[in-house]
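Colleague: The structure's right below; bear with me while I get my questions together.
Any read-out appearing in this document is the output of simple, stated calculations on the displayed coordinates, not a laboratory observation. If you're wondering where the values come from, they're calculated on a predicted model, not measured in any experiment. Don't worry about glycine lacking a Cβ; one is built from the backbone with ideal geometry, like all the others, and counts go over all protein chains shown.
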Amino acid sequence: MDLSDEAKRLKKEYSKRYATENKEIINENQKRWRAKNKDKIKEYQNRYWQKKAIEANGVSLEANGVSLEPINTGLEPINTSLESIESRVIELRKNGLSLRKIAIELQINHMKVKRILEQNSEV
């Protein structure tokens, strides 16, 4: 379901106001997460700077083996045709997997899984 322009505007205003009013809480939560996930932070930063270095040289990322897929998933790549992904999402959901488990299995975002299921009335 798409939001109307007015709803989008109100949501954006609310988010900005919330972020302004709760800046300290948000910062504390981020600090705690970063403290617990130092390995992820380092991995993300390394990946970011690798991509920047390659882009600075004007060479495509794929030509240098830098994948834009999730990091360290340990999963085999899947057939990426849209029909294949949709059918696989529906099949995994019928088998009782959660949206996030389906997303991990297929190496896609869990919100994409949700949209696919909504479009196919399988939620």
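Colleague: Less than 27 Å apart at the alpha-carbon level, and either on another chain or at least 8 residues along: which lysines does that give for LYS38?
Modeller: Those lysines meeting the cut-off are LYS23, LYS51, LYS52, LYS101.
Colleague: Still on this structure: What distance in nm separates the two pseudo spin-label positions at TYR48 and LYS11, each 7 Å out from Cα along the beta-carbon direction?
Modeller: 2.5 nm
Colleague: Excluding same-chain residues fewer than 8 positions from LYS94, which lysines have a Cα within less than 22 Å of its Cα?
Modeller: Within the straight-line cut-off, LYS94 pairs with LYS112, LYS114.
Colleague: In straight Cα distance, which lysines are under 18 Å from LYS8, not counting same-chain residues fewer than 8 positions off?
Modeller: Correct list for LYS8: LYS16.
Colleague: Right, here's the next one. With Cβ to Cβ distances under 13 Å as the rule, what net charge do the other residues near TYR18 carry (K, R +1; D, E -1)?
Modeller: Working: positive: LYS11, LYS12, LYS16, ARG17, LYS23; negative: GLU13, GLU21, GLU24.
Computed value for this residue: +2.
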